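Coordinate-derived values only; no laboratory data. Because the structure is a prediction, the values reported are computed rather than measured. Cβ atoms come from the backbone with ideal geometry, glycine included; neighbour counts cover every protein chain shown.
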Amino acid sequence: MRIRGCIFDLGHTLIELPANPEELRQEMFAAALGVLRRHGIRIEETAFVDTVERWMARRYGRWQEDWREYPLVETFALALDEMGHPGLSKEVVREVVRAFLAPQEARWQPFPDTFSTLEALQRRGCRLALLTNSGDADHSWRLIDRFGLRRYFDPIVISAAVGWRKPHPSLFLRIAEAWALPPQAIAVVGDLLEADIQGAHLAGMRGIWAAMSGGPPPPSSHVRPDATIRSLSELVAVLDRWEDGSEP
């Protein structure tokens, strides 16, 4: 069946994060601590980092079992509560989270062929949706609007706003329903096999692995994509091959 709609992931699919991970991690935690100190909250740095990361790992690990989204604001509030600072206002905790995410936001940038690929898909009449896992919806909207991506996608679904994460099939099927398209006419493009490609398959859609970082699928993964692209510009050719029957 001809692909008439494409559902895209955001991070590492449409935009990339060219940064030293450890340097970025340190900058993010330093920014969050700076906000706390401005509010008169003194916390030892190592304890703060260890406690927040432990809560992140605990809550992030749970989504693989229940596919629920656990917002970063809640995670930081729980960590701060454990460190002896319960009952901080949501406004303060949100300010801390925004500061934490700001160094990362500043480094994201579109892949060189992001916009040309989206425009090529629009010219061929393909519906486009954005479906991203994110612990902070405002963070995702800031990135979407910073790069002018909103105009390409309808709908845009952010896990922190709806409470569920990929690979929950209902997220994908609701998009198919909104488009009035059968799942078989939709392809999902994303960089995470267990979230994007597995979600596509659970919903009866095709999954295209955006493997911009190179390398084969990890041997530990049971998920196998229907196609693999090393750049977004390869996507149209994949859809063309499926349409003319040269690939199953």
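Taking only pairs six or more apart or across chains, which ones have beta-carbon atoms under 7 Å, a first residue in the stretch 166-189 that is hydroxyl-bearing (S, T, Y), and a second residue that is not in a helix (DSSP H, G or I)?
S170/W164
Mind counting the residues in the stretch 111-137 that are buried (at least 16 other Cβ atoms within 10 Å of the Cβ), of a type outside the set (A, V, I, L, M) and either within 28 Å of M28 (Cα to Cα) or without any contact (Cβ under 8 Å) to a residue 60 or more places away in the chain (or both)?
Kept after step one, since they are buried (at least 16 other Cβ atoms within 10 Å of the Cβ), are these residues of the stretch 111-137: 111, 114-115, 117-118, 120-121, 126-137.
Now restrict to residues that are of a type outside the set (A, V, I, L, M): 111, 114-115, 117, 126-127, 132-136.
This time we only want the ones that are either within 28 Å of M28 (Cα to Cα) or without any contact (Cβ under 8 Å) to a residue 60 or more places away in the chain (or both), so: 111, 114-115, 132-136.
Qualifying residue count for the region: 8.
Give the number of residues within the stretch 63-88 that are of a type outside the set (A, V, I, L, M, F, W, C) and within 23 Å of A47 (Cα to Cα).
Qualifying residue count, the stretch 63-88: 10.
Please go through the stretch 176-202 and give me each residue that is part of a helix (DSSP H, G or I) and of a type in the set (V, I, T), ordered by number.
I197
For every residue, the table says whether it meets (1) small (G, A, S); (2) under 21 Å from L173 (Cα atoms).
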| position | (1), (2) |
| --- | --- |
| C6 | no, yes |
| D9 | no, yes |
| H12 | no, no |
| E16 | no, no |
| A19 | yes, no |
| G34 | yes, no |
| R37 | no, no |
| I41 | no, no |
| E44 | no, no |
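Is there a residue being under 28 Å from R68 (Cβ atoms), under 18 Å from the mean Cα position of the chain (by Cα) and part of a helix (DSSP H, G or I) anywhere in the stretch 221-233?
no
Among the residues in the stretch 110-120, are any closer than 30 Å to D240 by Cα and small (G, A, S)? Full working, then the answer.
Taking the stretch 110-120 as the starting set, the residues that turn out to be closer than 30 Å to D240 by Cα are 110-120.
Restricting the remaining residues to those that are small (G, A, S) gives 116, 120.
The answer is yes; a qualifying residue exists.
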